[in-house]
Structures are given as structure tokens and as C-alpha cells.
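The values are calculated or read from the model by the stated rules, or taken from the named source; none is laboratory data. Not measured: the values here are computed from a predicted model. Neighbour counts run over all protein chains shown; Cβ positions are idealised from the backbone, glycine included. Accessible surface areas use protein heavy atoms only, side chains included; no ligands, DNA or RNA. Shrake-Rupley method; radii C 1.70, N 1.55, O 1.52, S 1.80 Å.
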Amino acid sequence: MSRPVQEREQAPDQQRDERFESQRPRLMALAYRRLGSVAEAEDIVSEAWLRWSAARNVENHAAFLATVVSRLCADHLKSAHTRKVCYVGTLVPEDALQSSDEPHELVGDEEALRGRMTWLLERLGPAERAVLLLRRAFDYSHREIAAALGISEAYSRKLYGRACGRLAAGRSRYTPAPTERTELTRRFLAASRGGELKPLERLLATAMAA
């Protein structure tokens, strides 16, 4: 008699495992699309399993798991420590870089970064520069940019397109003040090295309002 009882006690856990495993490929694909990293996607799915294990009375397990993974990905992307600085090759064209410049060296070389900030300041206005930096260097969504700068998502997209066009044209349009360049470089370094994004957001928003 004890055997059937034991099987009945294990059945819910076994069913729970099977439901999760049936959704694993879909969850991995969802996390990978959001994060662009297999390793990070695997971490997210593992965390989703922990949430699933603790959940009770879930009516739609597929919807529940998809929602959990989406929220975990969103939290991961919002974490300052996981934002990927992709400045070289995306903000400044290759012909503006010296041959020795490498992406992993950029943030560590303050003088080199100051030169690239000068290049941006000469070509973009405050609003275009703010959107481009947050979008490309820190992977902000247009919704996050809109919230940080106090603008609409539609205007953020418009500014981003304009900024890309003006960088492609490569024409200098402004003469930046040395203090402006120094402060922008300092805040950018603090954001990329230590995750201090709010001061950078405030600096960019203030420049837009000036």
C-alpha cells in the first residue's frame, strides 16, 4: 500500500518538472532574444525555475513562465552593472580612431575618451547626443530614454535617427567648451566603470534644457 501513496506524493513534483521542461526551449529563446547571450539566458531560465518551484495555484503555466522570464530579463538589463559599453565602432567611426584603440581599452584611457567626447560634442546637439549615448553606449530602450530625459518615445526615436545621420555626415557643427567635455567624460566614466547612471542622465537632461 505504501508504494502507490509514495507515487501519488511524487506526482505533483514530477508534473511540475515536466511542465517546466516542456517550456524550457521557448524560455531560452525568449531570454536570448532579450539579452543576446546564451550564458545570461541560461541564468535567467535557472532563476525562473526557482520562481516556478515556489509558485502555487498557477492556472496557465506557459504564460506564467513567459512573464517571469520577461521580468527577469528586464531587471537584468536595468542593472547598471550589466550594461554593456559599446562605444568604439558605434559612436565614433573607424577613421576617427587610432589603430591601437580597442574596445576594452577605451574606458580605461581617459585621454582617449576625452578626444572621442570632443568629436561627439562637435557634431551633435545636446538632445541628439543624450539619446545616442544612452541608446548605444548603455543599451537603453527608447522608453527608458524618454523617462530619463523627460521626452516622448517618439521624439527619442526621431533624435536617434537624426544623430545617426549627422554622425554619418561627419561635419563639425559646434565648438564645445573644455569644461563641458571634461564633465561629460567624467560622468561617462563613472557610469561605465561604477554603474553611476543617474548623474549622467541628469547631466544630459540639464544640457538639453539649457
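A few comments on the model shown:
- In summary, Ile151 fulfils each of the numbered conditions (1) crowded, with 20+ Cβ neighbours inside 10 Å; (2) at pLDDT 90 or above; (3) part of a loop (DSSP other than H, G, I, E, B) with the single exception of condition (1).
- Of everything in segment 9-68 that is acidic (Asp, Glu) and open to solvent by less than 80 Å² (accessible area, probe 1.4 Å), the residue that is farthest from the chain's Cα centre (by Cα) is Asp17.
- For segment 100-144, filtered to residues that are among the acidic types (Asp, Glu) and under 17 Å from the mean Cα position of the chain (by Cα), the residue that is modelled with the highest pLDDT is Glu144.
- Any chance Arg3 is open to solvent by 100 Å² or more (accessible area, probe 1.4 Å), at pLDDT below 80 and assigned to a helix (DSSP H, G or I): yes
- Of residues in segment 155-186 being aliphatic (A, V, I, L, M) and loosely packed, with under 14 Cβ neighbours inside 10 Å, the one modelled with the highest pLDDT: Ala177
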